[in-house]
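**Q** So that we are looking at the same thing, I have put the structure below in structure tokens.
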Amino acid sequence: MDSPVPDYLTEVAQACSATRTGEPATYIPELATVDPDLFGVAMATVDGTLYSVGDARREFTIQSISKAFVYGLAVRELGHEAVLAKVDVEPSGDPFDELSLEPTTGRPRNPMINAGAITTHALVGGPDASPMGRFEAIHGLLCDLAGRELAVDDDVWRSEMDTAHRNLAIAHLLRSHDIITDSPEDVVSAYARQCSVLVTAEDLAMMAATLANAGVQPVTGKRVFGGGQVRHLLSVMLTCGMYDSAGDWVSSVGIPAKSGVGGGIIGALPGQVGIATFSPRLDAHGNSVRGVEVFERLSRDMGLHLMEVAPPARSVVHATRVVGSGEDAVRVFELSGTIGFTGAERVLRRLAEDPPAERLVAVDLGGVHSLEGPARVMLLEAIRRLRLDGHEVYLIDTEGVLPDADPGDGRLLEQLPAEL
Ligand code: GLU
């Protein structure tokens, strides 16, 4: 059987290719020379499967999409608090190139507008990094995310520098507030080079899938960001990623995203997929018109809106059974699914409301896919309390979803065989 996913993507792309509104960016003259009808869509799953249609292998400059990743790099290198001291995380509602800084602190309002992005650019690469060294650190990051060596479009870079008056003005403003300390010209030049890295929609889908995969590149297996860094980055993308139409985007698409004036948009849906589109015609906000349309359709048709969450499985306690009889009878609780806070709460409630009559109890995790964080702590605490109530508790955990199971009373849980 051929997967229907590519056919579905083709259908969506065909439907959106009728849209011819919007124009390629012209304020960077070289961007205006692109064929405005190019159109590619790519989707990468967190286990590294890539689907793409149209011009998804056509290279274009990453532009503002790089801002998201460079912000992630700054947080990775310096930590959240140090970066927050320089750049806030409030949606500005201003156009991306607005010359606005917070009145009291002089901080840019968020890292997705140019003022914030120029600042985060200047933070990375180590305290003594040269402008070129910073660019190299960023280029290395982008290559790690894409899983391949990426080139730079020197024509676009030169063209942006020829007309970089606004970004130079922003950088001078930042310099006057000591938010950046290097020469504004050097910083803007290296920042423009960051924006001129060439990517395809397929690359971008993989980069987004790395975020969806909690920071691990799905194909190379390289950990690029920590899980907490990704959570923070995706939150900022959700609230600030789509220029001054971020509010609209959250309600109609609901996927953390970032767009660039080169015509690209990325979206990363945690735990599921990375999506990327490329179409150079932009709307008044600077977002790709067809790209927005594709994302709206995918979100609606495939239920990808973040707020559209499947209700947790009703019965996390899949079944209970008693094996053996008399003093040797073991009450087995079979748990199933992906157990998070709400799932664990159901298990605990069940144990509290209907405690086992048998002295011997086994928790069978054979049907559980994952049990981490608070769910792990909650289950171990329930087991500790069962022990306090006089039960002997065992685990059936052949897949190792609950390794080093220590309920906190110094006695690791023992295993029973799965065929019990
Ligand atoms: N290099 C562009 C600039 O700073 C990026 C803008 C964008 O993609 O929104 O003006």
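The values are calculated or read from the model by the stated rules, or taken from the named source; none is laboratory data. Remember, predicted model here, so these are calculated numbers, not experimental data. Virtual Cβ from ideal backbone geometry, glycine too; neighbours counted across all protein chains shown. Remember, those area values only see protein heavy atoms, side chains included, never the ligands or the DNA or RNA. Shrake-Rupley method; radii C 1.70, N 1.55, O 1.52, S 1.80 Å.
**Q** From the list 211, 150, 142, pick out the single residue that is among the hydrophobic types (A, V, I, L, M, F, W, C) and assigned to a loop (DSSP other than H, G, I, E, B).
**A** The match here is 150.
**Q** Same structure, new question: Name the residue, out of 94, 88, that is of a type outside the set (Gly, Ala, Ser), within 16 Å of the ligand (Cβ to nearest atom) and surrounded by fewer than 21 Cβ atoms within 10 Å (Cβ to Cβ).
**A** Sole residue among the options that is of a type outside the set (Gly, Ala, Ser), within 16 Å of the ligand (Cβ to nearest atom) and surrounded by fewer than 21 Cβ atoms within 10 Å (Cβ to Cβ): 94.
**Q** Restricting attention to the stretch 33-52, which residues are over 19 Å from residue 213 (Cα atoms), among the β-branched types (Val, Ile, Thr) and either within 16 Å of the ligand (Cβ to nearest atom) or out of contact with any strand residue (DSSP E or B) (no Cβ under 6 Å at 6 or more places or on another chain) (or both)?
**A** Across the stretch 33-52, the qualifying residues are 33, 34.
**Q** Can you name every residue in the stretch 9-23 that is in a helix (DSSP H, G or I), out of contact with any strand residue (DSSP E or B) (no Cβ under 7 Å at 6 or more places or on another chain) and of a type in the set (Ser, Thr, Tyr)?
**A** 17
**Q** Among the residues of the stretch 382-406, count how many are in contact (Cβ under 8 Å) with a residue 24 or more places away in the chain, within 16 Å of residue 352 (Cβ to Cβ) and loosely packed, with under 14 Cβ neighbours inside 10 Å.
**A** 2
**Q** Among the residues of the stretch 144-177, count how many are within 13 Å of the ligand (Cβ to nearest atom) and among the charged types (D, E, K, R).
**A** Within the stretch 144-177, residues that are within 13 Å of the ligand (Cβ to nearest atom) and among the charged types (D, E, K, R) number 5.
**Q** Identify the residue in the stretch 106-135 that is in a helix (DSSP H, G or I) and open to solvent by 20 Å² or more (accessible area, probe 1.4 Å) and, among all such residues, is farthest from the ligand (Cβ to nearest atom).
**A** Here the residue is 133.
**Q** Any chance the stretch 163-181 includes a residue that's more than 18 Å from residue 31 (Cβ to Cβ) and polar (S, T, N, Q)?
**A** Yes: the stretch 163-181 contains one or more residues that are more than 18 Å from residue 31 (Cβ to Cβ) and polar (S, T, N, Q).
**Q** While we're on this one: Confirm whether residue 245 is over 26 Å from residue 373 (Cα atoms), among the polar types (S, T, N, Q) and open to solvent by 10 Å² or more (accessible area, probe 1.4 Å).
**A** The answer is yes for residue 245.
**Q** Ok, one more. Being β-branched (Val, Ile, Thr) and either within 11 Å of the ligand (Cβ to nearest atom) or in contact with a strand residue (DSSP E or B) (Cβ under 8 Å, 6 or more places away or on another chain) (or both) is the filter here, so list the residues in the stretch 53-85 that pass it.
**A** 53, 61, 62, 65
**Q** Okay, next question. Quick check on residue 252: is it more than 13 Å from the ligand (Cβ to nearest atom), closer than 18 Å to residue 297 by Cβ and among the polar types (S, T, N, Q)?
**A** Yes: the conditions hold for residue 252.
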